[in-house]
Structures are given as structure tokens and as C-alpha cells.
1. Pairs needed: first member in region 208-222, modelled with pLDDT of 95 or more and part of a strand (DSSP E or B); second member anywhere, exposed (fewer than 12 other Cβ atoms within 10 Å of the Cβ) and not aromatic (Phe, Trp, Tyr); C-beta distance under 7 Å; at least 6 residues apart or different chains.
2. Could you please let me know if Pro312 is in a loop (DSSP other than H, G, I, E, B), touching a residue at least 40 places away in the same chain (Cβ under 8 Å) and within 19 Å of Glu577 (Cβ to Cβ)?
3. What number of residues in region 253-271 are without any contact (Cβ under 8 Å) to a residue 12 or more places away in the chain, closer than 23 Å to Pro196 by Cβ and loosely packed, with under 14 Cβ neighbours inside 10 Å?
4. Does His492 meet the test of being part of a loop (DSSP other than H, G, I, E, B), open to solvent by 40 Å² or more (accessible area, probe 1.4 Å) and either of a type outside the set (Phe, Trp, Tyr) or without any contact (Cβ under 8 Å) to a residue 40 or more places away in the chain (or both)?
5. Residues in region 449-470 that are of a type outside the set (A, V, I, L, M), surrounded by fewer than 19 Cβ atoms within 10 Å (Cβ to Cβ) and at pLDDT 95 or above: how many?
6. How about region 208-247: which of its residues are charged (D, E, K, R) and either surrounded by fewer than 19 Cβ atoms within 10 Å (Cβ to Cβ) or in contact with a Leu (Cβ under 9 Å, 6 or more places away or on another chain) (or both)?
7. Could you check how many residues of region 135-145 are part of a strand (DSSP E or B) and open to solvent by less than 70 Å² (accessible area, probe 1.4 Å)?
8. Could you tell me which numbered condition Lys464 fails, if it satisfies all but one of (1) assigned to a helix (DSSP H, G or I); (2) under 34 Å from the mean Cα position of the chain (by Cα); (3) touching a residue at least 60 places away in the same chain (Cβ under 8 Å)?
Amino acid sequence: MKRGALDTILVCLIAGAMILASCSSVATTSIMTVATTTTTTKITTTTQVTSTTVVPTKVTTSSTSAVTGNWWDKLGKPQYGGTMTFRNNTNVANFDPYYIGGSPSLAGAWMERLFGDDWTLDPSVFAYNIDFRPTDYVKGQLAQSWEFADPTTFVIHLHQGIHWQNLPPVNGREFTADDVVFHYQRMDGLGSGMTPSPNEAGSPILTNVTSVTATDKYTVVFKWKIANPEYILESIEALGGGTNIEAREAVQQWGNLNDWHHAIGTAAFMLQDFVDGSSATLVKNPSYWGYDERYPQNQLPYVDKITYLIIPDNATAIAAFRTGKIDIIDGISLQNAQSVAKTNPEVIQITVPGGTGETIDPRNDRTPFTDIRVREALQMAVDLPTIAKTFYGGIVSPTPLSLTSSYLVGWGYPYSQWPQDLKDQYAYNPTQAKQLLAAAGYPTGFKTDIVTDAADPSLLEIVKSYFTAVGVDMEIRTMDSTSWLAFVRTAHKQDQMVMRSGAGSLGISSDPIHQFMRFQTNYISDTAMVSDPVFDTYYPKAMAATTTDGMKQILIDANKYVAQQHFVISLMLPMNEVLYQPWIYGYNGQSRAISGGTAQPFNISFYGARFWMDQSLKKSLGH
């Protein structure tokens with residue numbers, strides 16, 4: 001029986017007993033209601049629970065909670081104490097939001113963002129398990145409220161009483177609007193003598209904000225060049241390393257924050273120790289300003305410590321999880337998840353959509369990939385339905401992808417809407433693939449290579465076999481994630497094709513505005529090196545849109561064009577398996593909540609403060 005179902009039964013039994021006991025005296029009503037939101041959801045996401053048996057859990061309930069009727073009552077009352085341990089799949093590269101970009105970092109653990117998620121929202125309404133947060137479901141973290149003073153002026157009011165961690169050189173002083181101004185001036189070169197972050201090239205704020213100013217101690221005003229509310233909100237609310245706010249005195253004293261000893265923030269945890277290539281230890285901030293939105297009387301955080309173990313090898317990480325040394329592990333294969341379920345039936349397993357699809361990105365600026373017939377041939381060479389059935393165990397859709405994930409309903413171009421002639425270009429057809437290669441001047445195929453950061457290249461081995469069948473001999477070159485980023489994203493030294501595990505170029509679930517830049521000329525994350533004058537028009541069109549519906553249509557047009565041009569080879573959108581121990585509460589696969597390494601836990605400062613653990617249950621299970 002799953003934990004949620006068991007807890008519900010217990011609550012119902014207790015409530016039933018209370019009602020029977022009251023029948024001889026005063027008739028009282030004790031009806032549990034579930035809080036729901038009637039706002040139309042822009043995105044439909046699914047959190048599928050696929051675990052088997054869960055051991056009985058300790059449930060704390062009372063007549064008060066039954067009458068209150070909040071959906072989270074079934075989880076029991078939060079408990080303080082304990083250490084949560086997560087896995088980081090790669091070493092930490094830096095500690096400064098100015099340099100983070102796509103490199104592995106944990107800065108989101110001790111620094112906070114202006115915006116966060118709604119901790120009180122029922123996951124059945126929106127589960128936060130994809131990167132994009134519709135504006136209806138965004139709440140403030142450092143920000144208390146915000147509004148448009150006019151179409152190009154965005155005003156943010158900060159929570160009062162927030163303090164920096166009691167570490168030099170800030171020494172616990174109050175967080176103010178000047179800190180927000182400094183952060184954005186530093187990141188985007190808006191201040192005198194400041195140079196934009198190397199990772200902010202083409203960012204919406206860098207290119208479209210004219211000024212960031214503090215009008216009083218708790219108010220920040222952003223002046224924009226454009227009057228597009230959807231674009232502005234997505235830009236300022238987006239998840240990303242560049243949204244973590246650093247202490248200005250620390251930067252002024254040390255120049256940058258790349259030394260972990262200089263890690264300072266406003267969050268519920270402080271970086272106590274970092275062992276390169278081994279671990280990161282975060283301890284409770286005793287003077288943290290935040291309280292639990294579900295239980296407003298409870299000061300956060302609940303746990304005393306968070307430990308990240310740097311374990312690149314999946315087998316080693318899974319072994320540690322089996323023995324209770326890791327509390328949550330995500331991004332594992334269905335086969336591994338099923339294996340753990342057999343030995344650890346108490347473990348809870350959920351399936352969440354991948355942040356992007358898996359893609360193979362050829363350099364569109366070098367032969368033979370300058371010829372669309374070659375790119376289309378490689379697409380036709382791959383049997384997507386068979387890979388979906390055999391490699392992914394049938395849990396993923398076998399359909400190819402365009403730019404936008406199907407989980408962003410209303411924003412993209414789902415496969416079901418493609419015309420048949422376009423579907424045929426993505427269908428498995430090795431005979432047609434050979435004909436296209438011959439027409440492009442490669443009747444016997446060609447040799448090529450691919451650079452990947454995948455710890456497990458087994459998917460690429462399958463693709464390699466399909467390519468071989470049409471005469472394309474692909475050598476697979478692997479490197480660690482940090483080296484891959486430097487080699488590909490920074491230096492563009494790849495000579496043929498690349499693949500980044502879990503971070504493909506199609507099926508993107510992040511905010512729509514960044515999708516318009518994916519294949520833009522000279523965009524830093526365009527690993528396919530596309531330079532297409534038609535695609536380059538979509539971004540300025542999106543900026544000029546004045547309504548959300550207008551932006552949606554432009555993104556649909558961009559999706560159609562991407563599908564037609566075959567800039568990259570589409571594989572599938574993976575579903576990620578997540579396992580967590582039964583003593584962990586509050587976690588339901590929220591995106592960026594605990595993921596380390598290439599995924600980067602931008603939201604750990606928010607969720608890490610609110611997750612809690614049942615230490616008695618953990619002990620009873622022998623851990």
C-alpha cells in the first residue's frame with residue numbers, strides 16, 4: 001500500500017471514531033475538504049506513483065487537523081531534526097552565480113531567489129515537476145509582492161526582516177533593495193564599470209532592461225524596453241543560477257565567490273564544508289527568517305543538516321541509496337528503479353517528465369551536416385518506437401520532438417498535429433535514409449564522431465548501431481560534465497556532433513522565452529551551431545508581442561520551423577525515475593528541488609527548508 005493511501009485510511013478511521021463518539025451528545029460536523037484552485041491550468045503535468053509496498057508510517061493527526069481539512073494533513077505534523085543526504089552526480093565547479101551558467105553548482109542551497117513555488121498548492125493541481133512555472137503558480141521567496149506600474153515598469157516589494165547569514169563580511173545585516181540592485185547590475189553589466197556575466201549573453205534582462213533601481217529600502221524597480229507582460233514575468237521569475245542573489249560586500253571584498261569559504265546567502269542553510277570531488281555539508285541557519293506556509297507558527301528549516309555526496313557512478317549511488325545512506329535519488333533508469341523496488345519494497349518511486357528530450361546535435365555549420373538531407377537521413381535511420389519499447393521499457397512516448405515539451409500545453413506543436421508528410425520524415429525508414437545520403441553525395445556513408453557527457457552511453461550505442469546500418473560510422477567520445485561544458489559550450493571545439501545527457505535541444509520544459517533563443521545565431525547554448533535567418537526572426541517577434549496568446553502563436557510557428565529543418569536528431573523525451581525513502585516528507589518530484597550535478601538544484605534553498613523526516617521511522621527500519 002502506498003504511503004498516501006495508508007495515511008488517508010488512518011485519518012478516515014480516526015475521524016470516523018470521533019463522529020461516532022459525538023453522536024450521543026452534540027451533533028458536530030467533521031468533514032475533510034480538499035483545497036483546490038479553479039484557475040485554468042496552462043500546463044498539464046503528471047506525477048505517477050509506481051512504487052509497491054510501503055511500510056507503515058508514523059502519522060500524527062488530531063481533531064483540529066481533521067476539521068481544518070488541508071490537503072497536507074495526511075502527511076502528519078512536521079518534525080524537527082535529522083540530516084538529509086542527497087547525491088550530486090558530478091563535482092561542483094563554482095560557487096558564484098556570476099559564473100554558474102550551465103556549470104554544476106550548489107549555490108542555490110545557501111542563496112535565495114526573488115521568487116519561489118507555492119508550498120500550499122495541492123500537487124494534483126500543479127506538481128512543479130517541470131522547470132516552467134506558470135505565472136499563476138509563482139509565489140514570492142525574497143519578494144513579497146509585485147506589480148506593473150505601467151507596461152514597461154515592473155515593481156517588486158521585498159519581505160521585510162530578512163537578514164543575511166551571520167557570517168563576515170555581512171554579519172547578519174538586513175537584506176534590502178540595494179542587494180537586489182547590486183546583483184542585477186553585476187550579472188548584466190548595468191552598473192558603472194561592471195561587465196556582464198559571461199553566461200548572460202543574449203539573456204532577456206541583459207538585452208531588454210534599461211535600469212534596476214531601489215526607490216526605498218524594500219522596493220526595486222525594473223525598467224524594460226518592451227511592453228510584453230508574459231515575457232517580463234518569465235524573465236524575472238525563471239529558474240536559473242543567475243537568479244540566486246549574492247552578498248555585495250563579499251564580492252567587493254574578494255572580487256568573486258569562487259572560493260567555497262566565501263559562500264554567504266540569506267537561505268536556511270549555510271555551507272559548512274566542501275571536499276572537492278567528495279561532498280558538501282550544509283548546516284542549519286539558526287537565525288533564518290522564514291516560516292512554513294502550511295504551519296505558519298513553525299520556523300524553518302526542519303532538518304539540521306543537508307549533505308551532498310558527490311557520486312558520479314550510478315551503481316555506487318544506487319548502492320548507497322539501498323542502504324539508506326542517501327535519502328532521495330533522481331534521474332535513474334526504469335531498470336534500476338525496478339531493481340531497487342525488489343530489494344527495498346518500502347522505497348517510494350515516482351515518475352516525472354524529463355526537463356528536455358534527448359537529442360543528437362550535429363554542427364549545422366560544418367559538412368556533411370550543412371546539408372538538410374544528411375540530417376533528415378540520420379533521423380530516418382533511428383527506430384524511435386523500438387527504442388521507446390526496449391530501452392525505456394515502454395514508459396515514454398515513441399513520438400519525435402520539436403522545440404517545446406508536450407507538457408507545456410498550448411505552447412508548442414505536438415506530434416498529433418503534424419501533417420503526414422512531416423511525420424514521414426521522422427519515421428524509421430533506413431532505405432529512404434540511404435537514398436537521402438546518396439543524393440547528398442554520400443552513397444557509402446561517412447565517418448563521424450560524437451562528444452558526450454553521458455555516464456552511461458548505452459543509448460548512444462543503440463543509435464550508433466542504427467547509423468552503422470545506413471553507412472554512417474560514429475565514434476563515441478565521452479568526457480565528464482565539467483570538461484564537456486568547457487570543450488563544447490565554451491570553446492566550441494566539437495568537430496562533428498554532441499550529446500549532453502539530460503539536456504537536449506528539443507522537448508524543452510523551461511520558460512518559453514528562452515526557447516526562442518535555442519537555435520539563435522551565436523547563442524551560447526546552441527550546441528548545433530545553427531545560424532538560420534528565419535529562426536532568428538522569432539525572438540524579436542516574441543519580444544514585440546503584447547499578449548500571452550500572441551507569444552504562444554509565435555512559439556508554435558517556431559516549433560513548426562524547427563521540426564521542418566531537422567537542426568538536430570530527435571530521440572525521445574525521457575521519463576525520470578525518482579526514488580525516496582519513506583521517512584522523507586514533502587517531496588513529490590519537484591523540479592530542481594534536490595537534483596545536483598548537471599541538473600543544478602536551483603530550488604534547494606526553498607524545498608530543503610520545508611522537507612522534513614521521521615527519524616523514528618528511519619531508525620525502525622534499521623538506518
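The values are calculated or read from the model by the stated rules, or taken from the named source; none is laboratory data. The shown structure was predicted, so the numbers you read here are calculated from the model rather than taken from an experiment. Don't worry about glycine lacking a Cβ; one is built from the backbone with ideal geometry, like all the others, and counts go over all protein chains shown. Ligands, DNA and RNA are excluded from the accessible area calculation, which covers all protein heavy atoms including side chains. Shrake-Rupley method; radii C 1.70, N 1.55, O 1.52, S 1.80 Å.
1. Val221/Thr215
2. Working: in a loop (DSSP other than H, G, I, E, B): yes; touching a residue at least 40 places away in the same chain (Cβ under 8 Å): yes; within 19 Å of Glu577 (Cβ to Cβ): yes.
Here the answer is yes, as Pro312 does meet what is asked.
3. Residues of region 253-271 that are without any contact (Cβ under 8 Å) to a residue 12 or more places away in the chain, as a first pass: 254-255, 261.
Next, from what is left, pick out any that are closer than 23 Å to Pro196 by Cβ: 254-255.
Restricting the remaining residues to those that are loosely packed, with under 14 Cβ neighbours inside 10 Å gives 255.
Within region 253-271, residues that are without any contact (Cβ under 8 Å) to a residue 12 or more places away in the chain, closer than 23 Å to Pro196 by Cβ and loosely packed, with under 14 Cβ neighbours inside 10 Å number 1.
4. yes
5. Residues of region 449-470 that are of a type outside the set (A, V, I, L, M), as a first pass: 449, 452-453, 456-458, 461, 464-468.
Add one more test, that the residue is surrounded by fewer than 19 Cβ atoms within 10 Å (Cβ to Cβ), and what stays is 449, 456-458, 461, 464-465, 468.
Next, from what is left, pick out any that are at pLDDT 95 or above: 449, 461, 464-465, 468.
Of the residues in that region, 5 qualify.
6. The first filter runs over region 208-247 and keeps only residues charged (D, E, K, R), leaving 216-217, 223, 225, 230, 234, 237, 246.
If the condition is that a residue be charged (D, E, K, R) and either surrounded by fewer than 19 Cβ atoms within 10 Å (Cβ to Cβ) or in contact with a Leu (Cβ under 9 Å, 6 or more places away or on another chain) (or both), then Asp216, Lys217, Lys223, Lys225, Glu237, Glu246 are the ones that fit.
7. Initial filter on region 135-145 (part of a strand (DSSP E or B)): 138-140, 143-145.
Those still in the list that are open to solvent by less than 70 Å² (accessible area, probe 1.4 Å) too: 138, 140, 143, 145.
Here the count works out to 4.
8. Unmet for Lys464, out of (1) assigned to a helix (DSSP H, G or I); (2) under 34 Å from the mean Cα position of the chain (by Cα); (3) touching a residue at least 60 places away in the same chain (Cβ under 8 Å): (3).
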